[in-house]
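Visitor: A single structure is presented below for examination.
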Amino acid sequence: MSISNHLDWPFFEPRHRTLAADLEQWAKAHLIDGHAKHPSQAEVDEECRMLVRRLGEGGWLGYAVGGTAYCGSGEAIDTRAVCLLRETLARYSGLADFAFAMQGLGSGAISLFGTDDQKRRYLPRVAAGSAVAAFAISEPNAGSDVAALECAAKREGGGYVIHGQKTWISNGGIADFYVLFARTGEAPGAKGISAFIVDAATPGLEIAERFEVMAPHPLARLVFKNCRVPATQRLGEAGQGFKVAMATLDIFRSSVAAAALGFARRALQEALCRSTSRKMFGQALSDFQLTQAKLAKMATDIDSAALLTYRAAWLRDMGRPVTVEAAMAKMTATEIAQQAIDTAVQIFGALGVVSEQTVERLYREIRPLRIYEGATEVQQLIIARGILKAYEKDR
Ligand SMILES: Cc1cc2nc3c(=O)[nH]c(=O)nc-3n(C[C@H](O)[C@H](O)[C@H](O)COP(=O)(O)OP(=O)(O)OC[C@H]3O[C@@H](n4cnc5c(N)ncnc54)[C@H](O)[C@@H]3O)c2cc1C
């Protein structure tokens, strides 16, 4: 919900407007609103696989991969398209957004750094929705401080042997392959990490634990014991894994902001619908100025976050550095979305806290976005580091 149609903004090209309109029609026809109450893990897994297939059949997953020779919708990943997709999907279904996002995040490093052979073996299946992708970097002792990761890949014969663990891995348990970041020791810290593609069926890779989370989706801890992968499964140069991870996150960070926007827009829509129909003290709830102040703040916050989000996406599509701008977008959009959704719950009164009411679901869906792909505090550090560096340079 926006007074001016944000698709008219100069960040977009005609193809983006067409994409948004087509997707809106598709989402209306194919995505159910809400999920089963308290779904079991098996139900969540099945729904997620089904959504990946359905998104593939709809042709939307082509936007998650780069290269038309590999079934991508363009030669490079179109960040604005990815953001529009996530924003729209999130307005309809958090799990559909998740399914789309993970296909992109889980295969993004292959699109960006894969060899022709790696791209041919993985990307067409990702685009078709016949292979589920995952991105595995976090560990029990390396979350925000990702360069502290300990999972190790040792050179042995013609390949690598992986030992260690990864945790909080989305799609863990249902993924067909994991893009894994492990220490290969070329140098200490961030310069001694490499990226690998590890097929889920590789002996020595075990799903050690599954987590139930407030917005249900597949999430797991993985253990690697004597897990052997050929050197052809390494992504990019040895020791370049941190760069691979950061380049992938530069695309998908802006898209987390877009998903948050989708949730926030849906909350505003719900708040408008409820406040204009709920009668109290002889008038509609929306007739009270206190309510109008809430609605005004939600709408203004959403537009300001949308401007930051699509600026970051546009910058990346123009080939410009985007780390600081993507951090600004991710931080702002996820924080304002949390507030907007909380306001919507308040406007709904008791009804707002009933299980699986749309605003109650949004309240749970938005929370993890302030934590994953760099928590808000990490985004603050990235932004501050960027402006201090620019200040020093100009001095
Ligand atoms: C739903 C969900 C899905 C996820 N999916 C994936 C996935 O698919 N793949 C993957 O690899 N990881 C995934 N993660 C993990 C995620 O990236 C990490 O949770 C995140 O990086 C934070 O790490 P942590 O949980 O260890 O928190 P910690 O690093 O322990 O941070 C705890 C708190 O400290 C704050 N903090 C950090 N640094 C500073 C500082 N310098 N000053 C002050 N405060 C600070 C943080 O912002 C946070 O609030 C997922 C997480 C969630 C919740």
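The values are calculated or read from the model by the stated rules, or taken from the named source; none is laboratory data. Not measured: the values here are computed from a predicted model. Note that we place each Cβ from the backbone using ideal geometry, even for glycine, and neighbour counts take in every protein chain shown. With ligands, DNA and RNA removed, areas are computed over all heavy atoms of the protein, side chains included. Shrake-Rupley method; radii C 1.70, N 1.55, O 1.52, S 1.80 Å.
Visitor: Take the Cα radius of gyration of segment 1-102 and divide it by 2.2 N^0.38 Å, with N its residue count; two decimals is plenty.
Guide: 1.13
Visitor: Still on this structure, please answer the following. If you take every residue apart from ALA69 with its C-beta less than 15 Å away from the C-beta of ALA69, what net charge results, scoring Lys and Arg +1 and Asp and Glu -1?
Guide: Values: positive: LYS119, ARG120, ARG121, ARG125; negative: GLU75, ASP116, ASP117.
Result for the local shell: +1.
Visitor: Over the chain, give the accessible area per residue in Å² for a 1.4 Å probe, as an integer.
Guide: Details: 16900 Å² over 395 residues.
On a per-residue basis, 43 Å².
Visitor: Please label the shape of the chain as rounded, prolate or oblate, based on the square roots a ≥ b ≥ c of the eigenvalues of the alpha-carbon gyration tensor (a/c under 1.5 means rounded; beyond that, a/b larger than b/c means prolate, else oblate).
Guide: prolate
Visitor: Relative contact order for segment 302-382: what is it in percent, counting Cα pairs under 8 Å that are at least 6 residues apart? It would help to have the intermediate numbers written out before the result.
Guide: Numbers: 67 pairs, mean separation 24.7, N = 81.
So the answer I get is 31 percent.
Visitor: Another one. Counting only protein heavy atoms, what percent of the accessible surface of the chain is carbon or sulfur at a 1.4 Å probe?
Guide: On the way: 9450 of 16900 Å².
Whole-percent figure for carbon plus sulfur exposure: 56.
Visitor: What are the ³J(HN,Hα) values, in whole Hz, obtained from phi via the Karplus relation 6.51 cos²θ - 1.76 cosθ + 1.60 with θ = phi - 60°, for each residue of segment 216-231 in sequence order, with x given for Gly and Pro?
Guide: Computed from phi, the couplings for segment 216-231 are x, 7, x, 8, 8, 9, 10, 10, 10, 10, 6, 8, 9, 10, x, 4 Hz.
Visitor: Separate question: Could you derive backbone 3J(HN,Hα) for segment 333-346 from the dihedral phi with the Karplus parameters 6.51, -1.76 and 1.60 (θ = phi - 60°), listing whole Hz in sequence and x where the residue is Gly or Pro?
Guide: Coupling constants for segment 333-346: 5, 6, 5, 5, 5, 4, 5, 5, 5, 4, 4, 4, 4, 4 Hz.
Visitor: With springs only between Cα atoms under 10 Å, which of THR248, THR202, THR334 fluctuates most in a Gaussian network model of the chain?
Guide: THR202
Visitor: Expressed in nm to one decimal, what extension gain is obtained for the pair ASP394 and ARG367 from 0.36 nm per residue of sequence separation less their Cα-Cα distance?
Guide: 5.9 nm
Visitor: Computed FRET efficiency, Cβ-Cβ of ARG210 and CYS273, R0 35 Å: what is it to the nearest 0.05?
Guide: For ARG210 and CYS273, the calculated efficiency is 0.45.
Visitor: Rounded to whole Hz and in sequence order, give me ³J(HN,Hα) for segment 303-317 from the Karplus expression 6.51 cos²θ - 1.76 cosθ + 1.60, θ = phi - 60°, writing x for Gly and Pro.
Guide: Ordered by residue, 3J(HN,Hα) equals 5, 5, 5, 5, 4, 5, 5, 6, 5, 4, 5, 5, 4, 5, 5 Hz.
Visitor: For GLU139, enumerate residues with amide H under 5 Å from its amide H, sequence gap 5+ or separate chain, H modeled in the peptide plane.
Guide: Long-range HN contacts for GLU139: THR167.
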